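Let me begin by presenting the structure, written as structure tokens, before commenting on it.
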Amino acid sequence: MAHALPDLTAYDAVLFDLDGVLTPTAEVHMHAWQSMFEELFAAWEITPPYTERDYFDHLDGKKRYDGVASLLRSRDVEVPWGDPTDPPTADTVCGIGNRKNIVFERVLRAEGIAAYPGSLRLLDVLAAAGTPVAVVSSSKNAQEVLAAAGIRDRFAVVMDGVIAERDHLASKPAPDVFVEAARMLGVDPVRSAAVEDALSGVESAAAGGFGLVVGVDRGAGAQALSDAGAHVVVKDLEEFAR
């Protein structure tokens, strides 16, 4: 017999990751990273080749530049960090990250994005109960994605990669971004819930001391999400809205 899921409206607030939790932008990110790194690896003769596993091991859930540095380091490649204002042609960590962002924005504009139906239903339930919600994303594209999906006005707080960079907050799996989002909402993490699909994000929320950490299994694996610190794992947030 399956255990009943906890009532998310009983928490002071619910903080959501964006990519893979509210919107299926993870696939757009994955394709953008793959396209950019395959071209880079070929030009620089870097081996072994880029694989999908690299996305989950080095890029998923992290701030863009930290992800670039992590992946290059896995191939024993070191380049200057550079500056966020570097052009996408620059052979720096920031330049390479900006190069990927151009591909992502092109796909987003061309194809648009729609929120997961189950996530929308849960947001409706939380709104009806008056439960505050926030977005906690490592992406610098969070505002654009939320606007494209038509759900920006649902969130009083959007803690994104732009704010994280401005305030020098460490990437997930460090707890900084989740803890800061709770502070911005005016809630205590212990009495709040966090929802994540990335292992680094689950680790971040767990390290931040959130009273409930929900893992959404979009491919990371239920056991892996539990091992990372998720108290409960679901396939879709629709399960909380029934």
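The values are calculated or read from the model by the stated rules, or taken from the named source; none is laboratory data. Small disclaimer: the values here were computed from a predicted structure and weren't measured. Note: ideal-geometry Cβ built from the backbone for every residue, glycine included; neighbour counts use all protein chains shown.
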Which residue is modelled with the lowest pLDDT, if the candidates are limited to the range 84-120 and must be under 28 Å from Glu239 (Cα atoms) and in contact with a Ser or Thr (Cβ under 6 Å, 6 or more places away or on another chain)?
Ile113
For the range 45-65, the count of residues that are part of a loop (DSSP other than H, G, I, E, B) and of a type in the set (D, E, K, R) equals 4
Matching residues, the range 222-242, being surrounded by fewer than 16 Cβ atoms within 10 Å (Cβ to Cβ) and at pLDDT below 95
Arg242
Could you list, in sequence order, all residues of the range 201-220 that are at pLDDT below 95 and surrounded by fewer than 24 Cβ atoms within 10 Å (Cβ to Cβ)?
Arg218, Gly219
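Quick grid of which residues meet (1) of a type in the set (Lys, Arg); (2) more than 16 Å from the chain's Cα centre (by Cα); (3) farther than 21 Å from Pro132 by Cβ:
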site	(1), (2), (3)
Glu196	no, no, no
Arg218	yes, no, yes
His231	no, yes, no
Lys235	yes, yes, yes
Count, please, the residues in the range 185-202 that happen to be more than 21 Å from Met30 (Cα to Cα) and not in a loop (DSSP other than H, G, I, E, B).
6
Within the range 5-37, work out how many residues are in a helix (DSSP H, G or I), at pLDDT below 95 and among the small types (Gly, Ala, Ser).
3
Across (1) under 20 Å from Phe56 (Cβ atoms); (2) outside any loop (DSSP other than H, G, I, E, B); (3) among the small types (Gly, Ala, Ser); (4) within 17 Å of the chain's Cα centre (by Cα), Ser171 clears everything bar (2)
Does the range 19-78 hold any residues that are of a type in the set (A, V, I, L, M, F, W, C), in contact with a His (Cβ under 9 Å, 6 or more places away or on another chain) and within 30 Å of Gly118 (Cα to Cα), and which are they?
Leu59
Given (1) touching a helix residue (DSSP H, G or I) at 6+ places or on another chain (Cβ under 9 Å); (2) of a type outside the set (Phe, Trp, Tyr); (3) not in a loop (DSSP other than H, G, I, E, B), identify the lone condition not met by Gln223.
(1)
